[in-house]
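Accompanying notes for the structure given below.
The values are calculated or read from the model by the stated rules, or taken from the named source; none is laboratory data. It should be emphasised that the depicted structure is a prediction, and the values quoted were computed from it without experimental measurement. Heavy atoms of the whole protein, side chains included, go into the accessibility calculation; ligands, DNA and RNA do not. Shrake-Rupley method; radii C 1.70, N 1.55, O 1.52, S 1.80 Å.
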Amino acid sequence: MANKPLTILVAGPDATATRAVEDGLAGAGGRDRIADRIVVVHGFADLPARVAARAPDAVVAVLATSDPATLDGVFRLARSGACAVVLFADKAPPGAAAQAAEAGVAAFVLDGLHPARVRPILETALARYAAFETLKRERDEARTQLADRKLIERAKGILMQQKSLTEEAAYNALRKAAMKQGRRIADIAQSVITAAQIEL
């Protein structure tokens, strides 16, 4: 994180609410900044559009009063997975912490906004977000590999039945076709399956 330029979007109802976060991100006297770019917005109505336009690494939301509509908007942003979301709130309704965790809010801090705490909380949130994204990517890759294996197995079965091939020969035929056409074996397998369905 130290070598990567970061953009942090700070959102709050007004300048007073966001000042502690800005001070915490800037470091002592503006030195040792955690972010190369800090974007401050006041109000939450168009927050998703601002996030889409600026593509920040993290959003730090500061809520003076945790009204359900604003909380829901921040939770929707966290669910989108667009970036790490840190939420500071003076108060929160019962169950808000559980909702925040379920939505994927990387850090939810109640009644604890102090400039000195902002940087370590944000660093932890960014690390948690990165770890979670890695897990999601690995899960998606595993699902894709499993789906590909199922296609290949099915296509091998079709080739074995239609062409009287051994399992190894059927796989080699799929592999050879993939290499010749510059495609993935799973794509060739899907073509074999589709062709067999058309013939039926």
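Rg ratio for the chain: its Cα radius of gyration over 2.2 N^0.38 Å, N being its residue count, equals 1.52.
Computed in the context of the full set of protein chains, the accessible area of the range 7-113 at 1.4 Å probe radius has 51% of its extent on carbon or sulfur. For the options Glu141, Glu133, Glu22, a Gaussian network treatment of the chain with springs between C-alpha atoms closer than 10 Å singles out Glu141 as fluctuating the most.
With the contact rule set at Cα under 8 Å and sequence spacing of 6 or more, what percent relative contact order holds for the range 59-116? RCO, the range 59-116: 39 percent.
Amide hydrogen proximity for Leu6: with H placed 1.01 Å from N in the peptide plane, the residues at 5 or more positions away or on another chain lying under 5 Å are Asp36, Arg37. Look at the alpha carbon pairs under 8 Å that are at least 6 residues apart: their mean separation over the length of the chain gives a relative contact order of 16 percent. Within a straight-line Cα-Cα reach of under 30 Å, Lys163 can be paired with the following lysines, leaving aside sequence neighbours fewer than 8 residues apart in one chain: Lys150, Lys176, Lys180. Among Gly157, Gly182, Gly81, which one shows the highest mean-square fluctuation when the chain is modelled as a Gaussian network with alpha-carbon springs under 10 Å? Among Gly157, Gly182, Gly81, the largest GNM mean-square fluctuation belongs to Gly182. Averaged over its residues, the chain has an accessible area of 59 Å² per residue, based on protein heavy atoms and a 1.4 Å probe.
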